[in-house]
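**Student:** Got a structure for you, written out below as structure tokens; questions coming shortly.
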Amino acid sequence: MNFELFLESDLNVESLSEVIREIICTDLNEEVSVHNDEEEIVIGTEYFALALELVDISDINFVRNHYQIDVNICIRVQLFGNTLDQGLEILLKFIGKILKQYVGNLLFLEDGSDQLIRKQNGQLIINSDLNQYQVKYLTPSLLNLLDHSYVKEKLTK
């Protein structure tokens with residue numbers, strides 16, 4: 001499964017990648033590998049890979065305008081199919097840690113279009129208009145792993 005996590009951050013991508021590595025290793029007790037190239041920094045775990053864009057591959061200006069949210073960092077997320085359930089749990093715990101550490105905006109998209117989770121102006125919103133597959137992996141018990149209060153609301157595509 002593929003997702004995109006957009007953040008508003010004062011940190012540059014390199015510094016943010018160190019913070020993310022630390023969260024995954026220390027707070028979530030997961031082993032990571034880190035690979036850098038000219039376009040991205042990839043942080044891999046047993047369950048998923050996070051690709052932090054050094055070059056704007058995902059067109060952040062389009063995302064800002066289309067979803068009307070101020071973000072400046074894109075992290076592409078790939079969950080591995082053979083560990084999907086565990087990966088979703090750890091990913092949502094990770095997003096919860098990010099929500100607690102950063103006061104900025106956040107946008108979590110599935111396959112580059114469907115808004116699943118959005119934090120703007122301090123309010124966390126979970127999309128209430130989910131398709132038949134999304135309701136299976138955004139269950140109340142999984143959303144509790146965010147460890148953050150939220151409201152449900154229909155979010156545009």
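**Student:** Enter the accessible area of Lys97 (Å², nearest 10), with the probe set to 1.4 Å and all protein chains included.
**Tutor:** 80 Å²
**Student:** In the range 80-126, what percent of the accessible surface is made up of carbon and sulfur (1.4 Å probe, ligands and nucleic acids excluded)?
**Tutor:** 43 percent
**Student:** Using a Förster distance of 25 Å, how high is the FRET efficiency between Asn2 and Asp147, based on the Cβ-Cβ distance and rounded to 0.05?
**Tutor:** So the FRET efficiency works out to roughly 0.55.
**Student:** Now, a different point. Please give every one of the aspartates and glutamates within straight-line cross-link reach of Lys157, meaning a C-alpha to C-alpha distance under 13 Å, and leave out same-chain neighbours fewer than 8 residues apart.
**Tutor:** Glu110, Asp111, Asp114, Asp129
**Student:** Given a Förster distance of 30 Å, report the FRET efficiency between Asp27 and Leu54 from their Cβ-Cβ distance, rounded to the nearest 0.05.
**Tutor:** Result of the calculation: an efficiency of 0.75.
**Student:** Only helices at least 24 Å long along their axis, Cα-based, and averaging -0.5 or more on Kyte-Doolittle count here, so list those DSSP H runs from the chain.
**Tutor:** 84-101
**Student:** Still on this structure, I have one more. Exposed loop chymotrypsin sites (Phe, Trp or Tyr not before Pro) only (DSSP loop, at most 16 other Cβ atoms within 10 Å): please give the longest stretch of the chain free of them, not including the sites.
**Tutor:** Answer - 1-79.
**Student:** For the chain, which span is the longest to avoid every loop-located (per DSSP) member of GluC sites (Glu not before Pro) having at most 11 other Cβ atoms inside 10 Å?
**Tutor:** Longest stretch, sites excluded: 39-157.
**Student:** Remind me, relative contact order of the range 52-157 in percent, using alpha carbon pairs under 8 angstrom and six or more residues apart?
**Tutor:** 24 percent
**Student:** What are the extents of the Cα atoms of the range 16-74 along their three principal axes, listed from largest to smallest and rounded to whole Å?
**Tutor:** The principal-axis extents, from largest down, are 37, 24, 18 Å.
**Student:** Taking the alpha-carbon distance from Lys93 and a cut-off under 22 Å, which lysines remain once sequence neighbours fewer than 8 residues away in the same chain are dropped?
**Tutor:** Lys119, Lys136, Lys152
**Student:** Using modelled amide H (1.01 Å from N, peptide plane; none on Pro or chain starts), what sits under 5 Å from the amide H of Glu30, excluding residues fewer than 5 places away?
**Tutor:** Correct list: Cys25.
**Student:** Sorted by accessible area with a 1.4 angstrom probe, largest first, how do Ser149, Ser17, Ser113 fall?
**Tutor:** Ranked from most to least accessible, the order is Ser149, Ser113, Ser17.
**Student:** Using a 1.4 angstrom probe on the protein heavy atoms only, could you order Leu142, Leu16 from most to least accessible area?
**Tutor:** Sorted descending by solvent-accessible area, the residues read Leu142, Leu16.
**Student:** What fraction of the Cα pairs in the range 74-157, stated in percent, has a spacing above 16 angstrom?
**Tutor:** Summing the P(r) of the range 74-157 above 16 Å gives 51 percent of all pairs.
**Student:** Please calculate the 1.4 Å probe accessible area of Arg21, with all protein chains present, and give it to the nearest 10 Å².
**Tutor:** 70 Å²
**Student:** Could I ask something else about it? Quick check on the range 51-157: of the DSSP beta bridges with both residues there, what percent are antiparallel, nearest 5%?
**Tutor:** If I count the DSSP bridges inside the range 51-157, around 80 percent turn out antiparallel.
**Student:** If you stretched the chain out fully between Asp70 and Gln132, how much longer would it get, using 0.36 nm times the residue separation minus the C-alpha to C-alpha distance?
**Tutor:** This chain segment gains 19.4 nm when fully extended.
**Student:** Follow-up question, since we're still on this one. Once the mean 1/r over all distinct Cα pairs of the chain is inverted, what Kirkwood radius in angstroms do you read off?
**Tutor:** 15.6 Å
The values are calculated or read from the model by the stated rules, or taken from the named source; none is laboratory data. The structure presented is a predicted model; accordingly, all values stated were derived computationally and were not measured. Don't worry about glycine lacking a Cβ; one is built from the backbone with ideal geometry, like all the others, and counts go over all protein chains shown. With ligands, DNA and RNA removed, areas are computed over all heavy atoms of the protein, side chains included. Shrake-Rupley method; radii C 1.70, N 1.55, O 1.52, S 1.80 Å.
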